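K.L.:
Quick one: structure below, then a few questions.
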Amino acid sequence: EVTTPERVFEETIERDQRIEPRDWMPEGYRKTLVRQVAQHAHSEIIGMQPEGAWIARAPSLRRKAILLAKVQDEAGHGLYLYSAAETLGADRADLTAKLISGRQKYSSIFNYPTLNFADIGVIGWLVDGAAICNQVPLCRSSYGPYARAMVRICKEESFHQRQGYELLLTMMRGTEAQRDMVRDAVDRWWWPSLMMFGPPDGDSPNTRQSMAWKVKRHTNDELRQKFVDMTVPQADALGVSLPDPELRWNADRGAHDFGEPDWAELKRVISGDGACNAERVERRRTAHEQGEWVREAAAAHAAKRAARQEA
Ligand code: ACO
């Protein structure tokens, strides 16, 4: 029997081993990974904005130091992920150009505004909690560089999740006005957090193939369910209620039943029409343009060093 590159690829996936950059891979596999990894990288970088907006307004030095560290971690996550995309032959400048011209997506969640400081806690608890649910299984994704980037990212995400929850616990022990801020933030972020997992399985064009390639390890609905089941006891411990009248334990399923997110809203936000899409992309474009001289200087420095080494 002849061993074709296709067979080697299929057997590697079958045996739960990793595909590495130099291995043969089908063009569709490469494309779907570039799409997902680039979107993921863009999400980390755009995700710096809603929280970055609160660094200068953090209520204490301690909160400011925590928030600064967290936003810097997100820049780091973006860099690991752009590097993973580069191992697939993508060009980072090209990915950035596609982001700022709206040809590549980033997570819907970052198109919602951060209105008060409790939002910082709720982003840590719910948004980073959802990110962890989605990303822990991606540590077993079939593409080596992506899976390995996920290991580091998930460790840092769990710190982010805890800092958010700890902030909310502190606020819930504070004044009635602080508790109101937490409730308001939870009400606004709950449904968008459920939407982070993507459309329902029946409307998810990429899931079937991505699962077959083991790029994704669970479907969107499976992960959404896991997130709800994980979060309900945390909400109880915090003393907040989640804004879903249909949310209840279903003993037969051994899982929570919950209401249907507004899928039309998700579609709108993904296609550019959320509260902050224009602002987020514009901010990213401006930062990119203002960084032009840094990129030029770095390239000139690298060229000079290379020339000196040759001489
Ligand atoms: N926000 C923006 N776009 C989304 C979202 C969302 N919440 N959910 C789905 N989409 C897009 C998909 O990217 C896809 O568009 P495309 O084909 O043009 O790329 C389309 O909607 C249909 O969705 P699916 O077929 O379900 O797409 P996919 O199989 O890629 O699943 C998912 C989407 C679950 C987001 C997957 O790509 C994934 O797990 N990505 C890695 C995690 C990630 O990107 N996290 C970023 C946010 S978390 C954080 O950074 C803190």
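The values are calculated or read from the model by the stated rules, or taken from the named source; none is laboratory data. Just so we're clear, the structure is a prediction, and the values are computed from it rather than from any experiment. Every residue, glycine among them, receives a Cβ derived from its backbone with ideal geometry; neighbour counts consider all protein chains shown. Ligands, DNA and RNA are excluded from the accessible area calculation, which covers all protein heavy atoms including side chains. Shrake-Rupley method; radii C 1.70, N 1.55, O 1.52, S 1.80 Å.
K.L.:
Restricting attention to region 42-54, and to residues there that are part of a helix (DSSP H, G or I) and not charged (D, E, K, R), which single residue is most open to solvent (accessible area, probe 1.4 Å)? Outline the logic, then answer.
P.N.:
Taking region 42-54 as the starting set, the residues that turn out to be part of a helix (DSSP H, G or I) are 42-46, 48-52.
After this cut, where a residue has to be not charged (D, E, K, R) as well, the list is 42-43, 45-46, 48-50, 52.
Working: HIS42: 0, SER43: 16, ILE45: 28, ILE46: 1, MET48: 53, GLN49: 37, PRO50: 3, GLY52: 29 Å².
Residue satisfying both the conditions and the ranking: MET48.
K.L.:
Do you know which residues across region 168-199 are assigned to a loop (DSSP other than H, G, I, E, B) and farther than 22 Å from SER60 by Cα? Break it down stepwise before answering.
P.N.:
So the first thing to find is which residues in region 168-199 are assigned to a loop (DSSP other than H, G, I, E, B), and the list is 173-175, 196-199.
Result: MET196, PHE197, GLY198, PRO199.
K.L.:
Within the bounds of region 196-203, is there any residue that is closer than 23 Å to PRO261 by Cβ, in contact (Cβ under 8 Å) with a residue 24 or more places away in the chain, more than 12 Å from the ligand (Cβ to nearest atom) and under 19 Å from the mean Cα position of the chain (by Cα)?
P.N.:
Within region 196-203 (the criterion being closer than 23 Å to PRO261 by Cβ, in contact (Cβ under 8 Å) with a residue 24 or more places away in the chain, more than 12 Å from the ligand (Cβ to nearest atom) and under 19 Å from the mean Cα position of the chain (by Cα)), the answer is no, since none of the residues qualifies.
K.L.:
Go through the residues of region 245-261 one by one and say whether even a single one is within 16 Å of the ligand (Cβ to nearest atom), within 24 Å of the chain's Cα centre (by Cα) and either surrounded by 14 or more Cβ atoms within 10 Å (Cβ to Cβ) or charged (D, E, K, R) (or both). Even if it seems obvious, please write down each step before you answer.
P.N.:
Taking region 245-261 as the starting set, the residues that turn out to be within 16 Å of the ligand (Cβ to nearest atom) are 260-261.
Right, trim to within 24 Å of the chain's Cα centre (by Cα) and you get 260-261.
Pick out the ones that are also either surrounded by 14 or more Cβ atoms within 10 Å (Cβ to Cβ) or charged (D, E, K, R) (or both) and you get 260-261.
Yes, region 245-261 contains a residue that is within 16 Å of the ligand (Cβ to nearest atom), within 24 Å of the chain's Cα centre (by Cα) and either surrounded by 14 or more Cβ atoms within 10 Å (Cβ to Cβ) or charged (D, E, K, R) (or both).
K.L.:
In addition: Quick check: anything in region 30-43 over 22 Å from MET196 (Cα atoms) and within 16 Å of the ligand (Cβ to nearest atom)? If you could, list the steps in order and put the result at the bottom.
P.N.:
Of all residues in region 30-43, those over 22 Å from MET196 (Cα atoms) come to 30.
From the residues that got through so far, the ones that are within 16 Å of the ligand (Cβ to nearest atom) too are 30.
Scanning region 30-43, I find at least one residue that is over 22 Å from MET196 (Cα atoms) and within 16 Å of the ligand (Cβ to nearest atom), so the answer is yes.
K.L.:
Hand me the list of helices (runs of 4 or more DSSP H) wholly inside region 55-135 holding 1 or more residues that are among the polar types (S, T, N, Q).
P.N.:
Details: elements: 61-86, 92-100, 118-122, 128-135.
Of the helices (runs of 4 or more DSSP H) lying wholly inside region 55-135, those with at least 1 residues that are among the polar types (S, T, N, Q) span 61-86, 92-100, 128-135.
K.L.:
Separate question: Just checking, how many residues over region 115-136 are open to solvent by 10 Å² or more (accessible area, probe 1.4 Å), aromatic (Phe, Trp, Tyr) and closer than 12 Å to HIS160 by Cα?
P.N.:
0
K.L.:
Are there any pairs, at least 6 apart or on different chains, whose C-beta atoms fall under 6 Å, with the first in region 166-178 and surrounded by fewer than 17 Cβ atoms within 10 Å (Cβ to Cβ) and the second outside any helix (DSSP H, G or I), and if so, which?
P.N.:
Sorted first by the residue in region 166-178, then by its partner, the list stays empty.
K.L.:
May I pose another question? Could you look through region 200-210, keep only residues that are touching a Gly at 6+ places or on another chain (Cβ under 9 Å) and open to solvent by 60 Å² or more (accessible area, probe 1.4 Å), and pick out the one that is farthest from ARG62 (Cα to Cα)?
P.N.:
In the first step, residues of region 200-210 are kept if they are touching a Gly at 6+ places or on another chain (Cβ under 9 Å); the result is 204, 206-207, 209.
Those left that are additionally open to solvent by 60 Å² or more (accessible area, probe 1.4 Å): 206, 209.
Working: ASN206: 42, GLN209: 46 Å.
Out of the qualifying residues, it is GLN209.
K.L.:
Also, quick follow-up: For region 4-55, what are the residues that are of a type in the set (Ser, Thr, Tyr) and under 23 Å from the mean Cα position of the chain (by Cα)? Before you say what the answer is, go through the steps one by one.
P.N.:
Within region 4-55, the subset of a type in the set (Ser, Thr, Tyr) is 4, 12, 29, 32, 43.
Within region 4-55, TYR29, THR32, SER43 qualify.
K.L.:
Same structure again: Just to be sure, is LEU88 within 12 Å of the ligand (Cβ to nearest atom), open to solvent by less than 30 Å² (accessible area, probe 1.4 Å) and of a type in the set (A, V, I, L, M, F, W, C)? Break it down stepwise before answering.
P.N.:
Numbers: within 12 Å of the ligand (Cβ to nearest atom): no; open to solvent by less than 30 Å² (accessible area, probe 1.4 Å): yes; of a type in the set (A, V, I, L, M, F, W, C): yes.
Against the criterion (within 12 Å of the ligand (Cβ to nearest atom), open to solvent by less than 30 Å² (accessible area, probe 1.4 Å) and of a type in the set (A, V, I, L, M, F, W, C)), LEU88 does not qualify.
K.L.:
Can you tell me how many residues in region 1-34 are closer than 27 Å to TYR106 by Cβ, among the charged types (D, E, K, R), assigned to a helix (DSSP H, G or I) and touching a residue at least 12 places away in the same chain (Cβ under 8 Å)?
P.N.:
The number of residues fulfilling the criteria is 1.
Yes/no per residue for (1) over 25 Å from ASP16 (Cα atoms); (2) out of contact with any Asp or Glu (no Cβ under 7 Å at 6 or more places or on another chain); (3) within 16 Å of the ligand (Cβ to nearest atom):
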position: SER210; (1), (2), (3): no, yes, yes
position: MET230; (1), (2), (3): yes, yes, yes
position: ALA237; (1), (2), (3): yes, yes, no
position: LEU242; (1), (2), (3): yes, yes, no
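K.L.:
Being basic (Lys, Arg), under 17 Å from the mean Cα position of the chain (by Cα) and surrounded by 19 or more Cβ atoms within 10 Å (Cβ to Cβ) is the requirement here; does ARG224 meet it?
P.N.:
Working: basic (Lys, Arg): yes; under 17 Å from the mean Cα position of the chain (by Cα): yes; surrounded by 19 or more Cβ atoms within 10 Å (Cβ to Cβ): yes.
It is true that ARG224 is basic (Lys, Arg), under 17 Å from the mean Cα position of the chain (by Cα) and surrounded by 19 or more Cβ atoms within 10 Å (Cβ to Cβ).
K.L.:
While we're on this one: Return the pair list, or none, for Cβ contacts closer than 7 Å from residues in region 114-140 that are free of Cβ contacts under 8 Å to residues at least 24 places away in the same chain to residues that are not aliphatic (A, V, I, L, M), at least 6 apart or on different chains.
P.N.:
So the pair list comes out as GLN135/CYS154; GLN135/GLU157; VAL136/CYS154; CYS139/CYS154.
K.L.:
So PHE159 ticks every box in (1) surrounded by fewer than 18 Cβ atoms within 10 Å (Cβ to Cβ); (2) under 27 Å from GLU260 (Cα atoms) but one. Which box is left unticked?
P.N.:
(2)
K.L.:
Go through region 150-192 and report how many residues are over 25 Å from the mean Cα position of the chain (by Cα) and charged (D, E, K, R). Before you say what the answer is, go through the steps one by one.
P.N.:
We begin by selecting, within region 150-192, every residue over 25 Å from the mean Cα position of the chain (by Cα); these are 170-180.
Cutting the leftovers down to charged (D, E, K, R) gives us 173, 176, 179-180.
Of the residues in region 150-192, 4 are over 25 Å from the mean Cα position of the chain (by Cα) and charged (D, E, K, R).
K.L.:
Next question, about the same structure. On the given criteria, is ARG7 within 16 Å of the ligand (Cβ to nearest atom) and either over 30 Å from ASP73 (Cβ atoms) or open to solvent by 70 Å² or more (accessible area, probe 1.4 Å) (or both)?
P.N.:
Details: within 16 Å of the ligand (Cβ to nearest atom): no; either over 30 Å from ASP73 (Cβ atoms) or open to solvent by 70 Å² or more (accessible area, probe 1.4 Å) (or both): yes.
Considered against the rule, which asks whether it is within 16 Å of the ligand (Cβ to nearest atom) and either over 30 Å from ASP73 (Cβ atoms) or open to solvent by 70 Å² or more (accessible area, probe 1.4 Å) (or both), ARG7 comes out as no.
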